[in-house]
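Scroll down for the structure; my scribbles are underneath it.
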Number of protein chains: 2
Amino acid sequence: MRVIVINTGTELLLGNTLNTHLAFLAREVFPLGLRIDQQLTVPDGVAIRDALTRAMAEAEIVFVTGGLGPTTDDLTREVAAELLGLPLQQDAAVTTAITDRCTLRGFPVTERILRQAQVPEGALVLPNANGTAPGLYIAATADHPHLFLLPGPPRELHPMFRGSVWPILGTLLNGRAAPACRTLTLACVGESLVEAKVGSQILALEGVELGYCAHAGEVDVRVLGPASIVAEAERLIREAFPHAVFTDNGEKLEAVVVRALIERSETIATAESCTGGYIAHRLTNVPGASAAFLAGYVTYANEAKSEALGVDPQLIAQHGAVSEAVARRMAEGARAKANSTYALATTGIAGPGGGSAEKPVGTVFVALASAGAATHVQKFHLPSDRETFKQLTAQHALELLRRRLAAS
Amino acid sequence: MRVIVINTGTELLLGNTLNTHLAFLAREVFPLGLRIDQQLTVPDGVAIRDALTRAMAEAEIVFVTGGLGPTTDDLTREVAAELLGLPLQQDAAVTTAITDRCTLRGFPVTERILRQAQVPEGALVLPNANGTAPGLYIAATADHPHLFLLPGPPRELHPMFRGSVWPILGTLLNGRAAPACRTLTLACVGESLVEAKVGSQILALEGVELGYCAHAGEVDVRVLGPASIVAEAERLIREAFPHAVFTDNGEKLEAVVVRALIERSETIATAESCTGGYIAHRLTNVPGASAAFLAGYVTYANEAKSEALGVDPQLIAQHGAVSEAVARRMAEGARAKANSTYALATTGIAGPGGGSAEKPVGTVFVALASAGAATHVQKFHLPSDRETFKQLTAQHALELLRRRLAAS
């Protein structure tokens, strides 16, 4: 079934408010086997007329959010009724609910507020537990698609969708099978490499849909289609990248690492120069991280590397702070100080300043010290803006540890 | 001028990714006197054809994001060229830029990657400092509107928009009067307090438009209208909140703090428990931070508080790790170890676990130690999800230091 979402709201088009409705609705309908084919944002006021006319001509299900309130720029209800040729009637039960709600909160019951109790003939009222304007459902006929008019505020929309819209959709879609969907996330691999290695093989599968979404230091590879085809595509990806796939359920890299550490009753410390605390921040974003993360040392100044981690000032003088030798000592020093199973260290040149011919901006050393093995140091060249550099470096560091944990 | 935005990306319609492009573009074009009249999201692939056809028939400026990459579902460039009847030509300069970028990073230069160097005849290339796919600008003719094809990843889109698109729009809109616009950002103040204190006074000004955008721990208050009215509104806000306004140009709180420290040749260290390195991360995001930020100690475990900062284990046993006494010692310990002018410390209960009746989830102590004054400790109650809690706490800590620097 073709689904179109219309979001009304001038604040969305001015950039004051981020549109979270599309993502919410998309995730809610997906398990029912529905996908949103198109989404439109229009300002408050009369623009809803054109958008709704067009959407009703093209879709089988239309969701509209916003424009049900009491103010003059709220026109969704009136425009929908007019386009469908349905007279608006004052609904007694909704009138009582609105009056009660206003009385309870000490708001005056004005004519404008009661306008929200007007219901197109034959429409189903969707109760609003968190606001005055109810939602409305108008079932499809030969002339128009299913139409859901829903409130704009997320705290009103979300419970209404789950409480009232879901059951209606369930009835409409009775017996319909959802396509399988699998999203694999690969660390430290670019989308073009995935495409080059397995793209044509996957696209040769009958009925498959393949998509990519790249983030700094990782890529989501999404496959949709019949279950057996999706399973085959997943097999191809995992075979081509036996180590890089770290989740198939959207779990973050730091969460995978923290979970693996907790499962093994092992612990981690960090010694960060160029990443400036970002790795510690990511690890401590994971609920329950305190069971695995012991301490982080953000040793930005050379003196701090010596004071906090015991790095010999002569070593820094000899090799420079951005060097394999210093990265190694930072990791080993952090592990010794925190008494942890592992320690990750980073030292590099984030830029924009500080680069040289020998060590240009983007040069970084990542070290992993551990109880059971020699310290491993890897050099990377990740020229980019300062924040992306921190993200990419953190990604390489966390991935170094994740692979160690996965391999042993 | 009528402006339409088309965002391509199946991930947006599946709800995997929140669409932040609309809000970004809306805010960027607003100071030029442009508003976005409509926005559309379509999936990757051929759906761009219908959307673009329709938008080109209705708008005077069309922005498209996404679909410029190397993979098979990226069709924006090809479809636009086809609809406009412009042949695609391999651009030598872009080919070189892409080849250099890949070589620098050790990626193979594949045919698919080089497809990104195809440019419709007569289009202007918008350089991409953070990715391989350049943007494209095709100037309006009698037959079609101005068309901007822009990359999907925000870290590529944002600098390209500011660096290349803005100047072009400035030329297009030459002489057009943009309304005056002033955005003041207030730390640790809620939008409803701003509204309650000055909302009605500002709205009483002739021709003013007032908007709010709340973030965790700060609020943007935006005033639009004739220049004299905007100046009067700004005066009202600053008078009502003489200390909370920290920028009128979008500068981040951490950047204001780092700049003030550098101006005074002073330095900072951090001792973080519940914020887990987030304050250090924010401070080190600021270019040049190494001149002011010396060291951060992420002392998650109690042992780390003692080992790294010299907090007496008995003090922790007596008062608990989340206490005024421990926050104070953490800040003083960090300042002594790093030999810095100031040190900020945080200790609190981020949740979801770890709360008690006496110290519920959201309890947090923030301490500021300094060379010239007694250590100041403040208690807050900030119940929220884990990441918001870290943001709010970091905001209070940075604001404590900013006000100290502003006052002295």
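Residues in region B:27-37 that are in a helix (DSSP H, G or I) and either surrounded by 24 or more Cβ atoms within 10 Å (Cβ to Cβ) or more than 7 Å from every other protein chain (Cβ to nearest Cβ) (or both): B:GLU28, B:VAL29, B:PRO31, B:LEU32. Only one of the numbered conditions (1) within 21 Å of A:PRO70 (Cβ to Cβ); (2) more than 29 Å from the chain's Cα centre (by Cα) is violated by A:PRO145, and that is (1). Given the condition closer than 18 Å to A:TYR278 by Cα, open to solvent by 10 Å² or more (accessible area, probe 1.4 Å) and of a type in the set (Ser, Thr, Tyr), answer yes or no: does some residue in region A:341-353 qualify? Yes, region A:341-353 contains a residue that is closer than 18 Å to A:TYR278 by Cα, open to solvent by 10 Å² or more (accessible area, probe 1.4 Å) and of a type in the set (Ser, Thr, Tyr). Look through region A:288-326, keep the residues that are closer than 21 Å to A:ARG402 by Cα and in contact with a helix residue (DSSP H, G or I) (Cβ under 6 Å, 6 or more places away or on another chain), and return whichever of them is most open to solvent (accessible area, probe 1.4 Å). The residue in question is A:ALA291.
Being in contact with a Pro (Cβ under 9 Å, 6 or more places away or on another chain) and in a helix (DSSP H, G or I) is the filter; apply it to region A:383-408 and report the residue that is least open to solvent (accessible area, probe 1.4 Å). Even if it seems obvious, please write down each step before you answer.
So in region A:383-408, the residues in contact with a Pro (Cβ under 9 Å, 6 or more places away or on another chain) come out as A:383, A:385-386, A:389.
Next cut, in a helix (DSSP H, G or I) only: A:386, A:389.
Working: A:ARG386: 32, A:PHE389: 1 Å².
Going through the qualifying residues, I end up with A:PHE389.
For region A:376-408, residues that are among the β-branched types (Val, Ile, Thr) and within 21 Å of A:VAL258 (Cβ to Cβ) total 1.
The helices (runs of 4 or more DSSP H) found wholly in region B:286-353 and carrying at least 1 residues that are over 17 Å from B:ILE262 (Cα atoms) and within 12 Å of chain A (Cβ to nearest Cβ) occupy B:302-309, B:324-338.
Select, from A:ARG27, A:ARG77, A:ARG54, A:ARG49, the only residue that is in contact with a helix residue (DSSP H, G or I) (Cβ under 7 Å, 6 or more places away or on another chain) and basic (Lys, Arg).
Details: A:ARG27 fails: in contact with a helix residue (DSSP H, G or I) (Cβ under 7 Å, 6 or more places away or on another chain); A:ARG77 fails: in contact with a helix residue (DSSP H, G or I) (Cβ under 7 Å, 6 or more places away or on another chain); A:ARG54 fails: in contact with a helix residue (DSSP H, G or I) (Cβ under 7 Å, 6 or more places away or on another chain).
None of the other options fit; the residue is A:ARG49.
Answer yes if at least one residue in region B:358-372 is within 13 Å of chain A (Cβ to nearest Cβ), assigned to a loop (DSSP other than H, G, I, E, B) and open to solvent by less than 20 Å² (accessible area, probe 1.4 Å), and no otherwise.
We begin by selecting, within region B:358-372, every residue within 13 Å of chain A (Cβ to nearest Cβ); these are B:361.
Then keep just the ones that are assigned to a loop (DSSP other than H, G, I, E, B); that gives B:361.
Checking which are open to solvent by less than 20 Å² (accessible area, probe 1.4 Å) leaves us with none.
Taking every residue of region B:358-372 in turn, none turns out to be within 13 Å of chain A (Cβ to nearest Cβ), assigned to a loop (DSSP other than H, G, I, E, B) and open to solvent by less than 20 Å² (accessible area, probe 1.4 Å).
For region A:41-58, a residue qualifies if it is open to solvent by 10 Å² or more (accessible area, probe 1.4 Å), at negative phi and not basic (Lys, Arg), and the qualifying residues are A:PRO43, A:ASP44, A:VAL46, A:ALA47, A:ASP50, A:THR53, A:MET56, A:ALA57, A:GLU58.
From the residues in region A:7-16 that are more than 7 Å from chain B (Cβ to nearest Cβ) and open to solvent by 10 Å² or more (accessible area, probe 1.4 Å), which one is modelled with the highest pLDDT? Outline the logic, then answer.
Start the filter on region A:7-16 by keeping residues that are more than 7 Å from chain B (Cβ to nearest Cβ), which leaves A:7-11.
Next, only the ones that are open to solvent by 10 Å² or more (accessible area, probe 1.4 Å) stay: A:8, A:10-11.
Working: A:THR8: 93, A:THR10: 83, A:GLU11: 81.
So the residue we want is A:THR8.
Would you call A:ILE279 modelled with pLDDT of 95 or more, among the β-branched types (Val, Ile, Thr) and assigned by TED's automatic domain parsing to the domain that holds A:GLY372? Judged against the criteria, A:ILE279 is a match. One residue stands out among those in region A:171-212 that are at pLDDT below 90, away from every other protein chain (no Cβ under 12 Å) and part of a helix (DSSP H, G or I): the one that is least open to solvent (accessible area, probe 1.4 Å), which is A:LEU172. The residues in region A:1-20 that are touching a helix residue (DSSP H, G or I) at 6+ places or on another chain (Cβ under 7 Å), in contact (Cβ under 8 Å) with a residue 60 or more places away in the chain and outside any strand (DSSP E or B) can be counted, and the count is 1.
Of the residues in region B:257-282, how many are touching a residue at least 60 places away in the same chain (Cβ under 8 Å), part of a helix (DSSP H, G or I) and within 7 Å of another protein chain (Cβ to nearest Cβ)? I'd like the intermediate steps shown before the answer.
Filtering region B:257-282 down to residues touching a residue at least 60 places away in the same chain (Cβ under 8 Å) leaves B:257, B:260-261, B:264, B:266-276, B:278-279, B:282.
After this cut, where a residue has to be part of a helix (DSSP H, G or I) as well, the list is B:257, B:260-261, B:278-279, B:282.
From the residues that got through so far, the ones that are within 7 Å of another protein chain (Cβ to nearest Cβ) too are B:278.
Within region B:257-282, residues that are touching a residue at least 60 places away in the same chain (Cβ under 8 Å), part of a helix (DSSP H, G or I) and within 7 Å of another protein chain (Cβ to nearest Cβ) number 1.
Of the residues in region B:39-48, at least one is in contact with an Asp or Glu (Cβ under 6 Å, 6 or more places away or on another chain) and either within 9 Å of another protein chain (Cβ to nearest Cβ) or modelled with pLDDT of 95 or more (or both).
The values are calculated or read from the model by the stated rules, or taken from the named source; none is laboratory data. Everything numeric here is computed off the predicted structure, so don't read it as measured data. Note that we place each Cβ from the backbone using ideal geometry, even for glycine, and neighbour counts take in every protein chain shown. All accessible areas refer to the heavy atoms of the entire protein, side chains included, with ligands and DNA or RNA removed. Shrake-Rupley method; radii C 1.70, N 1.55, O 1.52, S 1.80 Å.
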